[in-house]
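The values are calculated or read from the model by the stated rules, or taken from the named source; none is laboratory data. If you're wondering where the values come from, they're calculated on a predicted model, not measured in any experiment. Here Cβ is always computed from backbone atoms with ideal geometry, including for glycine, and neighbour counts include all displayed protein chains. Areas reflect the complete protein model, heavy atoms only, side chains present, ligands, DNA and RNA absent. Shrake-Rupley method; radii C 1.70, N 1.55, O 1.52, S 1.80 Å.
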Amino acid sequence: MTKKYMIFICSSRDDLKAERKELLRMVSELGAIPVTSDVFDPNNEDDRRIIRKSIEDCDYFIALSAHKGGEMAGNALALELEYSYAVKAGVPVLALIIDPKARWKDSKKEKDPGMKKNLEAYKKRLEAHTHETWLNQADLMQKALFLLSREMNLNPRQGWVSANLAVDPAVANELGRLIRENELFRSQVNMDGKEFIRKVRERMRQVLRVLAANRVSLSFYYVDGENWENTKTFRCLRLFRLITPELFVARTTMDISHFLGNILNPDLEKVVRKDFPTPSNTIKKVMTDFALLKLVRCSGSGENETWEMTEFGKETFAYYRIRQMNRALGNKKQPVITSP
C-alpha cells in the first residue's frame with residue numbers, strides 16, 4: 001500500500017516564481033502531493049473556506065518567505081491567513097525564511113512601510129516553528145529537502161491512500177514488516193555472500209566518513225553559572241562513539257545532554273548543572289542527524305521524547321570499534337560482519 005503525503009506550499013507568488021516551481025517539483029519527486037491556493041481568491045468567503053479545508057487535509061505546511069508580502073486578505077496578509085489555518089489545524093509548519101544577507105533585486109522587495117511591517121511580523125511568527133534561512137535557490141532546495149525529510153522521519157503523518165487500497169492499520173503494519181523482511185531475505189539470497197558484506201561495509205564506512213567530517217559546537221552551563229560557557233567544537237564521530245553504549249536502552253534528550261555535559265566538560269573544577277548542561281536544541285539537532293543516517297530512532301515527543309540505537313547503528317559502532325582495536329594491534333585486516 002502506497003501512502004502519499006499532501007504538502008501545502010505557502011508563499012507570495014510573483015517574486016518567488018522560480019523558487020515555488022522548484023519546491024513543487026521537489027515535493028512531487030518525493031512522491032508527495034503539492035497543494036497551493038493559486039487558483040483561489042483569499043478575499044472571497046467561499047474560496048477561503050476551500051483554502052482552509054485544503055490546508056486542514058494536508059500533512060505538512062511549508063511557509064516560504066522573501067521580501068514581499070503578496071496579496072492581502074482583508075487587513076492581513078494572505079500568507080498569514082493560510083499560516084493561521086495550519087496552526088489551528090495542528091498541521092506541522094516548516095518555515096524557509098530568506099537570509100537578510102541574500103542578494104535580492106530591489107524590484108522584488110516590499111516598498112510600502114505598512115506591508116513591510118506586516119511581513120516582518122509574519123516572519124517572526126514563523127521563527128517559532130522548525131525553520132531555516134536560505135541565500136539562493138540552490139540553498140533553498142537543499143534546506144527544504146532537509147527539513148521535509150527530517151519531519152517525515154521524526155513526525156510521520158496519516159497521509160493519503162487510494163480508497164481501494166486502504167486496509168486496517170494493524171494489518172498494514174504487519175504486512176509492511178513481512179514485505180521488508182522478505183525483500184531483505186531475497187536480496188541476501190540473490191547476492192553473493194562476499195558482495196553483500198562488501199556493500200554493508202561500504203555503507204558503514206560512508207556513514208563514519210560523514211560523522212568524521214562534521215562537527216558540532218557545545219557550550220556548558222554550570223551549577224553556579226549565569227550563562228553558557230566554554231564553547232568547544234567536537235567531531236560528530238566522537239559524540240557517536242560516546243553515546244552509543246548509553247543508547248542500547250532508550251534515553252531522553254535530557255539524559256543525553258547530562259551525559260555529554262559530564263563527559264565532555266572542559267573545566268573539571270566546575271560542576272555542570274543537572275537539567276540540560278548542554279543546549280537542548282543542539283542535542284536534538286545532533287540526534288536528528290544521527291536519525292537521518294539511520295543510526296538511532298526517536299519515539300515519543302516533548303518531555304517523553306526518547307532515543308535508542310537501531311540495529312544498523314549498533315553494527316556500525318561494532319564495525320568502528322573492531323577496526324580501532326585491530327589498529328591498536330597493528331592489524332589492518334577488516335572485521336568480519338555477520339549481520340547487516
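Just checking, how many residues over the range 264-286 are open to solvent by less than 60 Å² (accessible area, probe 1.4 Å) and in contact with a helix residue (DSSP H, G or I) (Cβ under 7 Å, 6 or more places away or on another chain)? Qualifying residue count, the range 264-286: 7. Looking only at the range 17-40, residues that are within 30 Å of GLU110 (Cα to Cα) and out of contact with any helix residue (DSSP H, G or I) (no Cβ under 8 Å at 6 or more places or on another chain) come to 7 in all. Within the range 68-107, the set of residues being over 26 Å from ASP47 (Cβ atoms) and open to solvent by 40 Å² or more (accessible area, probe 1.4 Å) comprises PRO100, LYS101, ARG103, TRP104, LYS105, ASP106, SER107.
Number of residues in the range 143-163 that are open to solvent by 70 Å² or more (accessible area, probe 1.4 Å) and in a helix (DSSP H, G or I) equals 2.
Conditions (1) modelled with pLDDT of 95 or more; (2) in contact with a Cys (Cβ under 7 Å, 6 or more places away or on another chain), marked per residue:
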{"site": "MET1", "(1), (2)": "no, no"}
{"site": "ILE9", "(1), (2)": "yes, no"}
{"site": "ASP15", "(1), (2)": "no, no"}
{"site": "ASP38", "(1), (2)": "no, no"}
{"site": "ASN43", "(1), (2)": "no, no"}
{"site": "PHE61", "(1), (2)": "yes, yes"}
{"site": "SER65", "(1), (2)": "yes, no"}
{"site": "ALA76", "(1), (2)": "no, no"}
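The criterion of being touching a Leu at 6+ places or on another chain (Cβ under 6 Å) and either of a type outside the set (A, V, I, L, M) or not in a helix (DSSP H, G or I) (or both) holds for ASN118. The one condition from (1) at pLDDT 95 or above; (2) over 27 Å from ALA73 (Cα atoms) that ARG157 does not meet is (1). For the range 268-301, enumerate the residues that are among the aliphatic types (A, V, I, L, M) and at pLDDT 90 or above. VAL271, VAL272, ILE283, VAL286, MET287, ALA291, LEU292, LEU293, LEU295, VAL296 - these are the residues of the range 268-301 that are among the aliphatic types (A, V, I, L, M) and at pLDDT 90 or above.
The single condition among (1) buried (at least 21 other Cβ atoms within 10 Å of the Cβ); (2) hydroxyl-bearing (Ser, Thr, Tyr); (3) within 15 Å of TYR122 (Cβ to Cβ) that SER37 does not satisfy is (3). Against the test of being over 30 Å from LYS101 (Cβ atoms), loosely packed, with under 13 Cβ neighbours inside 10 Å and basic (Lys, Arg), the options LYS53, LYS17, LYS21, LYS4 yield a single qualifying residue, LYS53.
Let's see how each residue does on (1) among the acidic types (Asp, Glu); (2) open to solvent by less than 40 Å² (accessible area, probe 1.4 Å); (3) in a helix (DSSP H, G or I); (4) at positive phi:
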{"site": "LEU247", "(1), (2), (3), (4)": "no, yes, yes, no"}
{"site": "ASN262", "(1), (2), (3), (4)": "no, no, yes, no"}
{"site": "PHE290", "(1), (2), (3), (4)": "no, yes, yes, no"}
{"site": "ARG297", "(1), (2), (3), (4)": "no, no, no, no"}
{"site": "PHE312", "(1), (2), (3), (4)": "no, yes, yes, no"}
{"site": "THR316", "(1), (2), (3), (4)": "no, yes, yes, no"}
{"site": "TYR320", "(1), (2), (3), (4)": "no, yes, yes, no"}
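Whether any residue in the range 56-67 is acidic (Asp, Glu), surrounded by fewer than 21 Cβ atoms within 10 Å (Cβ to Cβ) and touching a residue at least 12 places away in the same chain (Cβ under 8 Å) is what I want to check. There is at least one residue in the range 56-67 that is acidic (Asp, Glu), surrounded by fewer than 21 Cβ atoms within 10 Å (Cβ to Cβ) and touching a residue at least 12 places away in the same chain (Cβ under 8 Å). Within the range 214-244, the set of residues being in contact (Cβ under 8 Å) with a residue 12 or more places away in the chain and either in a helix (DSSP H, G or I) or over 22 Å from HIS258 (Cβ atoms) (or both) comprises ASN214, CYS236, LEU237, LEU239, PHE240, ARG241, LEU242, ILE243. Scan the range 241-285 for residues that are farther than 29 Å from MET204 by Cβ and either in contact with a Leu (Cβ under 7 Å, 6 or more places away or on another chain) or small (Gly, Ala, Ser) (or both) and the total you get is 1.
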